[in-house]
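Please treat every number below as a calculation from the coordinates, not as lab data. Source: prediction; values computed, not measured. Every residue, glycine among them, receives a Cβ derived from its backbone with ideal geometry; neighbour counts consider all protein chains shown.
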Amino acid sequence: MDRAPAHPRPFVEVMEIADSTCGALVHTGWSKAFPWLLQGTTTRDSCDDHPFDLGLFAEHSQPASARRRWAALRKALGSDQVVHARQVHGAEVRAHRGEVAGVDEPRLVEDCDGHAADTPGVLLAVTTADCVPVFLIDADRRVVAALHAGWRGASAGVLERGIETLASTFSCLPEHLRVHLGPAICGGCYEVGPEVFEALGQEVPDRPRPIDLRRVLGQRAVLAGVPHQAISVSVHCTRCTGSRLFSHRMGDTGRQAGFIGIRA
């Protein structure tokens, strides 16, 4: 992969606002421009259920309670089903066309770190607790995708795979996409070792340093053909902005969900 410029232009910053439907942090620019779109990131207080932990697979998860919360989220958003999977910090992205088989709440598909769909009523969801929820839309074709991107997934190419999946399955061109890098740990709070910089193709420091994973993902999106002006970055940090989000680095075992879909 080509390296991004050493001093890239900053991406548009977005202050998501908690909506009245389920208390999720929503990209209001997108919601106003695309009334057919459902998009957001849940918080600890979503659906008036504190803590609104949607984790199913973490060591201390309580699946029965989490499934009740997943059902509450789906009903609040008016979707027919929510699609999710066990995430493995890889680059597998699954395309869904039509109703997804299964009876679980949410409907769990084979392990992967991303989902894409063009079917109204199907809500795509990834869970995070510092990693980046990546949202992609092709507004003309009404195709959406949600990706889970930690540093391992970013290094493995989950963002690029998501863009490729939209192209191969739904005929979406990169230059027609919009990308939003949602609430995650910020570049001031996320200190990592030199091996992470190396894995992400960044200049390698001689000791642990903070890295801005959302900036790195934005650069990779540009290299994949997404226009710079079509990429936005959340100002919310899971650790330092008091945004009522779960943070693994702060010792939380809970998970919020980044979701996107087409209204039923």
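Figures for the structure shown
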| item | result |
| --- | --- |
| Inter-site label distance for Arg86 and Glu13 at 7 Å from Cα along Cβ, in nm | 3.9 |
| Contour minus Cα-Cα distance for Asp48 and Gln229 (0.36 nm per residue) | 61.6 nm |
| Residue (of Gly78, Thr43, Pro63) at the positive-pole extreme of the chain, dipole from beta-carbon charges | Gly78 |
| Residues Val103, Val204, sorted so that the one with the fewest Cβ neighbours within 10 Å comes first | Val103, Val204 |
| Shape category assigned to the stretch 12-262 from the gyration tensor of Cα positions, a/c cut at 1.5 | rounded |
| Max mean-square fluctuation residue, GNM over the chain, Cα-Cα springs under 10 Å, options Ala66, Ala129, Ala91 | Ala66 |
| Table column - 3J(HN,Hα) (Hz), the stretch 116-133, Karplus curve with 6.51, -1.76, 1.60, x for Gly and Pro | 9, 7, 10, 9, x, x, 9, 9, 9, 9, 10, 10, 9, 7, 1, 4, 9, x |
| Exposed-loop-free span, longest in the chain, where trypsin sites (Lys or Arg not before Pro) count as exposed if DSSP calls them loop and at most 12 other C-beta atoms lie within 10 Å | 98-264 |
| Set of the stretch 56-99 residues, backbone N closer than 15 Å to the point 7 Å along the Cα-Cβ line of Glu164 | 90-95 |
| Projected label distance in nm at Ala139 and Val192, using a 7 Å step from Cα toward the beta-carbon | 3.1 |
| Sequence of Ile260, Ile137 once ranked by neighbouring C-beta atoms within 10 Å, starting from the fewest | Ile137, Ile260 |
